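Scroll down for the structure; my scribbles are underneath it.
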Amino acid sequence: MGRNPEADARARVARRQQLIEDAFHIFAEKTIDKLSMNEVADACGVGIATLYRHFSTKNALVLAVSTWAWEQTIRRSVRTQGSGKSAAEDYEYFLDSFLTLYRDHRDVLRFNQFFNVYVQSEEIAPEQMSPYMTVIGALAERFHGVYERGRRDGTLRTDVPERELFSTSLHLMLAAVTRYAVGLVYQGGGDPEQELLTLKRMLLCMYTAKA
């Protein structure tokens, strides 16, 4: 019997996806910039030719992994709507998503730290980052609905520009939970959970409207 092109195409897609998921687990445990493609191939249980057949460069592999990881994370954990009672409550739900990441998905946060270091060291061109930035942009679009609702119900500080509110909230929460997840914060006596909750309360105090 001859080859089945459709079955072959499905097999290639499945193989590529499996390589992305296997590489994610490897990158979440080891510094990305110190791993060679040969080491990644060995850890994935494939030959180097197979890895290069699906990803022509290490940058292509790392960016594919980061895009997939954040697509999954946003779908699973980072949300912009909760009870739906007010914009302020949905904003709190958004902040709580980062606490969920810290509690349940520290592998994503470790990967994110190693990814940021890799992107800076490799000086990856903006056009290569486009798929990853599209995923992050989708989160900003979802946050837009919360901000617009805040205009209507008056429970958010919409005198603060939307981009500033989103960017500050995202980067402060993500930076804090990431640093705790990878052990970059001294934990000699403090409770990380309580410290992260304090940051959340500070943002709520700053950006939700006073009654």
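Before moving on, here are some points about what is shown:
- Across the range 78-95, the number of residues qualifying as closer than 20 Å to Tyr180 by Cα and either at pLDDT below 90 or in contact with a helix residue (DSSP H, G or I) (Cβ under 6 Å, 6 or more places away or on another chain) (or both) comes to 2.
- The range 47-76: number of residues that are under 21 Å from the mean Cα position of the chain (by Cα) and open to solvent by 10 Å² or more (accessible area, probe 1.4 Å): 13
- Exclusive hit being under 24 Å from Lys34 (Cβ atoms), in contact with a helix residue (DSSP H, G or I) (Cβ under 6 Å, 6 or more places away or on another chain) and touching a residue at least 12 places away in the same chain (Cβ under 8 Å), set Phe115, Phe98: Phe115
- Residue under evaluation Leu165, criteria (1) in contact (Cβ under 8 Å) with a residue 40 or more places away in the chain; (2) closer than 30 Å to Thr208 by Cα; (3) open to solvent by 30 Å² or more (accessible area, probe 1.4 Å), criterion not met: (3)
- In the range 161-175, the count of residues that are closer than 28 Å to Gln194 by Cβ, part of a loop (DSSP other than H, G, I, E, B) and touching a Phe, Trp or Tyr at 6+ places or on another chain (Cβ under 9 Å) is zero.
- Residues (open to solvent by less than 90 Å² (accessible area, probe 1.4 Å) and not charged (D, E, K, R)) located in the range 1-17: Gly2, Asn4, Ala7, Ala9, Ala11, Ala14, Gln17
- Of all residues in the range 27-46, one or more are assigned to a helix (DSSP H, G or I), touching a Leu at 6+ places or on another chain (Cβ under 8 Å), without any contact (Cβ under 8 Å) to a residue 24 or more places away in the chain and surrounded by 15 or more Cβ atoms within 10 Å (Cβ to Cβ).
- Selection within the range 1-26 - of a type in the set (A, V, I, L, M), touching a residue at least 12 places away in the same chain (Cβ under 8 Å) and closer than 14 Å to Phe55 by Cα: Leu19, Ile20, Ala23
The values are calculated or read from the model by the stated rules, or taken from the named source; none is laboratory data. Since the structure is predicted, the reported quantities are computational estimates derived from the model, not experimental observations. In this analysis, Cβ positions are derived from the backbone assuming ideal geometry, glycine residues included, and neighbour counts consider all displayed protein chains. Remember, those area values only see protein heavy atoms, side chains included, never the ligands or the DNA or RNA. Shrake-Rupley method; radii C 1.70, N 1.55, O 1.52, S 1.80 Å.
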